[in-house]
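The values are calculated or read from the model by the stated rules, or taken from the named source; none is laboratory data. Note that the coordinates shown come from a computational prediction; the quantities given were computed from them, not determined experimentally. A quick note on method: Cβ atoms are made from the backbone with ideal geometry, for glycine too, and the neighbour counts reach across all protein chains shown.
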Amino acid sequence: MLKEVIATRFIAPLREGGSLPGLVEADDFGTYVLKFTGAGQGRKTLVAEVVCGELARRLGLRVPRLVTVELDPELGLSEPDQEVQSLLRSSGGTNLGMDFLSGALGFDALAFPVGPEEAGRIVWFDAVVNNVDRSWRNPNLLMWRGELWLVDHGATMIWHHNWPGAETSAARPYDASDHALAPFGPDVAAAAAELAPLVTEELLAEVTARVPDAWLTGEPGFATPDDLRRAYARPLLARAAAIHERIQGIK
Ligand SMILES: Nc1ncnc2c1ncn2[C@@H]1O[C@H](COP(=O)(O)OP(=O)(O)O)[C@@H](O)[C@H]1O
Ligand SMILES: [Mg+2]
């Protein structure tokens, strides 16, 4: 389970990204970036955020803490922006929140050199989860208090959009040529040697257990949320063991 908070105030939309996350205040006085369950990308995006974010953190990568945010659609009544109002109204119930890194800057490859070891760990992780959203155009990396943080794992694990073909899809290589950290000489072999042994069935069970049942019920072909959790774990276990030999586009 993730920590559960209740949204008490909608502060503002965050307009930098594609999905229009929001900034909310919650009953624990925390400020959270909110990813709406009613957003066009759907709840699979939220599942991906939890599975990948929790996995990354357990591998020692920095990811803002994730929580679930209960939202009363009434919060949208006073929101003047039509698009935001309709998102709030369609997102009653359980949404995803993450700690807001106040004052974080977008990653700038010229201003922040990254070493081959850290670059290697991040590229290797992105290869395991098949993240297609860490390009130099749109790095989804933040600099906060002098360190690199990972955000936005919604566009990963493409195989979860077609479970019957998941095994084939998950066997594919990873093209890192556009990756934001490709120019930093990522040492993916060292990262694989260090991190692959950590990605065990037990670890993946712990990670997938954090996804709320509400986002896993009713998936065609799966009788229970736990069946679906195991389906998420399988390709990640297989990829962690072998993907470093199939990362393309880096030297
Ligand atoms: N936890 C956070 N703290 C501070 N800023 C954030 C955080 N999460 C996201 N952002 C900012 O909001 C932008 C959009 O969030 P992101 O998760 O990338 O969603 P999208 O799906 O819209 O791209 C990010 O590029 C980043 O600038
Ligand atoms: Mg983004």
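Kindly indicate the residue of the range 188-216 that is under 27 Å from ALA176 (Cα atoms) and of a type in the set (Val, Ile, Thr) and also surrounded by the fewest Cβ atoms within 10 Å (Cβ to Cβ) among those meeting that condition.
The extreme case among them is THR200.
Is it true that LEU88 is within 15 Å of ligand 1 (Cβ to nearest atom) and either crowded, with 16+ Cβ neighbours inside 10 Å or of a type in the set (A, V, I, L, M, F, W, C) (or both)?
No, not satisfied.
With the requirement that a residue be modelled with pLDDT under 95 and either within 17 Å of the chain's Cα centre (by Cα) or within 25 Å of ALA189 (Cα to Cα) (or both), what does the range 111-134 give you?
Residues satisfying the conditions are PHE112, PRO113.
Quick check on this structure: which one of GLY40, GLY18, GLY22, GLY30 is touching a residue at least 12 places away in the same chain (Cβ under 8 Å) and surrounded by fewer than 15 Cβ atoms within 10 Å (Cβ to Cβ)?
Matching residue, one of GLY40, GLY18, GLY22, GLY30: GLY40.
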